[in-house]
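First the structure, in the form of C-alpha cells, and then the observations on it.
The values are calculated or read from the model by the stated rules, or taken from the named source; none is laboratory data. Since the model is a prediction, treat every value here as computed from it, not as a measurement. All Cβ positions, glycine included, derive from the backbone under ideal geometry; neighbour counts span all protein chains shown.
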Amino acid sequence: MPEFTPRVFSGIQPSGGLTLGNYLGAMKRFVELQNAGTHETVYCIVDLHAITVWQDPAELAKATRELCAGYIASGIDPEQSVLFHQSKVAEHVQLAWIFNCVARMGWMQRMTQFKDKAGKNAENASLGLFAYPALMAADILVYHATHVPVGEDQKQHLELTRDIAVKFNHDFEVEFFPVTESVIEGAATRVMSLRDGSKKMSKSDQSDMSRINMTDSADAIAKKIRKARTDPEPLPSDLAGLDGRPEARNLVNIFAALADSAPEAVIKDYAGQQFSAFKPALADLAVSRLSPISAEMARLMEDPAEIDRILDRGAERARAIAAPILKRTYEIAGMVG
C-alpha cells in the first residue's frame, strides 16, 4: 500500500441546533486533532446528507451557517483546517456514483441507521436515505482521508467505507484508496439524554430539558444540569459502581470531558458525595466552558456574509485536494478525458 498523507476528515449534518453531544462527541475532538498538528484536518458541513429527509430550505441555510459558526467558536481555525460545506464541492457526489456501483445491495441493507430512521415504512423512505452511506464513503475517500473521528453509532458506516475502498482497489487492481482508520477516544464520545441515560442526547427529542443546546444561556445550562435525572445513591468510589446507573455515568462522563480529565479522576474527587453537591459543580464547569462558545456563535451569526466567504474559501481549498483524486479515479475506471 502506498504512503498516504496523514489526513483527518469528518463532518456534521446541519439538521437542527448543535447540542453538547455534538460538541463533546465531535467538535472538541476535531479541535484537538487540528491542534495536534500531526494530520491535515478537513471538516465538512454535510448538507447533502441532511436532505435525505425533508428540510425547510430557509432553515437548512440558517443551520448550515450556524454550524459553521459552531465549528469556529469551538476552536476550528479555517486557515489551519479546511472548513466547507459539502454541496459546494461537486466531487463528493461524483465519486459517490462510482461508489454506488462498487457497493453491494446486501451491504446497504445491513446498515442499521437506515432501519432505525426508515422504521416500519421503509417503502416510503427516500432513495437518498438508503444510499447515503456510499456518499459518506465518498466524503472520506475523495480526500484520501486516513483517519476519521467517529462516534460509536458511526462505526458501521466507516466499516462500509473500508469495504468500498478495498473492493475498488481489488476490482481495478490498484492500491489507490486508503483503508481509513477510525479515531474513537475521549470520556464522552457518546453523550446521553439528561432525562434518560439509555438514550443518546438528540436535537430531535421533544423535551428541550433532555439536552444542552450550544446556543443556551448560562442560566439555561445550569438549570438543565440541576434538573438532570439521577438516582438517590451517592457517587461510588470506583467506576464499577456506576454499572446499572446510566444517568450517573452520563453526568460523570460529561464532567470528565468538559474538564479534560478522566472518569476515574472525577469519581476519585467526588466519591461518596450526593448529586446535590456534584450537580452544582458540573453546572459551573459547563457554564464556564460553553458560554464563551455560545457568545461567539451569536457574534459570528450577525455577519452571514462573512460566514459564506469562509465557506467559499474552504470549498476552494477542498476542491484543490479532491479534484485530482476524482480525476485519477475516473481514469482508473475507464472514463475518457
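The residues of segment 216-229 that are touching a helix residue (DSSP H, G or I) at 6+ places or on another chain (Cβ under 8 Å), surrounded by fewer than 19 Cβ atoms within 10 Å (Cβ to Cβ) and not hydrophobic (A, V, I, L, M, F, W, C), listed by number, are SER217, ARG226, LYS227, ARG229. Scan segment 242-288 residue by residue and report those that are at pLDDT below 95, out of contact with any helix residue (DSSP H, G or I) (no Cβ under 8 Å at 6 or more places or on another chain) and within 19 Å of VAL31 (Cβ to Cβ). Passing the criteria: only ASP260.
Please verify whether ALA125 is touching a residue at least 24 places away in the same chain (Cβ under 8 Å), within 22 Å of PRO14 (Cα to Cα), touching a helix residue (DSSP H, G or I) at 6+ places or on another chain (Cβ under 8 Å) and among the aliphatic types (A, V, I, L, M), treating the condition exactly as stated. Here the answer is no, as ALA125 does not meet what is asked. Report yes if some residue within segment 38-56 is within 19 Å of the chain's Cα centre (by Cα), touching a residue at least 60 places away in the same chain (Cβ under 8 Å), in a helix (DSSP H, G or I) and in the same structural domain as ALA315 (by TED's automatic domain parsing); otherwise report no. There is at least one residue in segment 38-56 that is within 19 Å of the chain's Cα centre (by Cα), touching a residue at least 60 places away in the same chain (Cβ under 8 Å), in a helix (DSSP H, G or I) and in the same structural domain as ALA315 (by TED's automatic domain parsing). Checked against (1) of a type in the set (Asp, Glu); (2) in contact with a Lys or Arg (Cβ under 7 Å, 6 or more places away or on another chain); (3) within 25 Å of TYR23 (Cβ to Cβ), GLU91 passes all but a single condition, namely (3). Looking only at residues in segment 77-123 that are at pLDDT 95 or above and among the aromatic types (Phe, Trp, Tyr), the one that is farthest from ARG162 (Cα to Cα) is PHE84.
The strands (runs of 3 or more DSSP E) found entirely in segment 82-189 that carry 1 or more residues being surrounded by fewer than 18 Cβ atoms within 10 Å (Cβ to Cβ) are 181-183. Per the conditions (1) of a type in the set (D, E, K, R); (2) touching a residue at least 12 places away in the same chain (Cβ under 8 Å); (3) under 30 Å from CYS68 (Cα atoms), the sole criterion not satisfied by ASP219 is (2).
For segment 57-65, the count of residues that are of a type in the set (A, V, I, L, M) and either outside the structural domain of TRP97 (by TED's automatic domain parsing) or touching a Ser or Thr at 6+ places or on another chain (Cβ under 9 Å) (or both) is nonzero.
If the condition is being more than 19 Å from ALA265 (Cβ to Cβ) and part of a loop (DSSP other than H, G, I, E, B), then segment 224-250 contributes LYS227, ALA228, ARG229, THR230, ASP231, PRO232, GLU233, GLY244. Report whether or not SER204 is buried (at least 19 other Cβ atoms within 10 Å of the Cβ) and within 30 Å of MET108 (Cα to Cα). Criteria not met by SER204.
Determine if segment 62-72 includes at least one residue that is farther than 23 Å from SER204 by Cα, of a type outside the set (Gly, Ala, Ser) and touching a residue at least 12 places away in the same chain (Cβ under 8 Å). It would help to see each step written out before you state the result.
Applying the first criterion (farther than 23 Å from SER204 by Cα) to segment 62-72 yields 72.
Remaining after also requiring of a type outside the set (Gly, Ala, Ser): 72.
With touching a residue at least 12 places away in the same chain (Cβ under 8 Å) added as a condition, the list becomes 72.
Yes, segment 62-72 contains at least one residue that is farther than 23 Å from SER204 by Cα, of a type outside the set (Gly, Ala, Ser) and touching a residue at least 12 places away in the same chain (Cβ under 8 Å).
Are any of the residues in segment 225-247 in contact (Cβ under 8 Å) with a residue 60 or more places away in the chain and either closer than 20 Å to VAL191 by Cβ or not assigned by TED's automatic domain parsing to the domain that holds LEU24 (or both)? Looking for residues that are in contact (Cβ under 8 Å) with a residue 60 or more places away in the chain and either closer than 20 Å to VAL191 by Cβ or not assigned by TED's automatic domain parsing to the domain that holds LEU24 (or both), one finds at least one in segment 225-247, hence yes.
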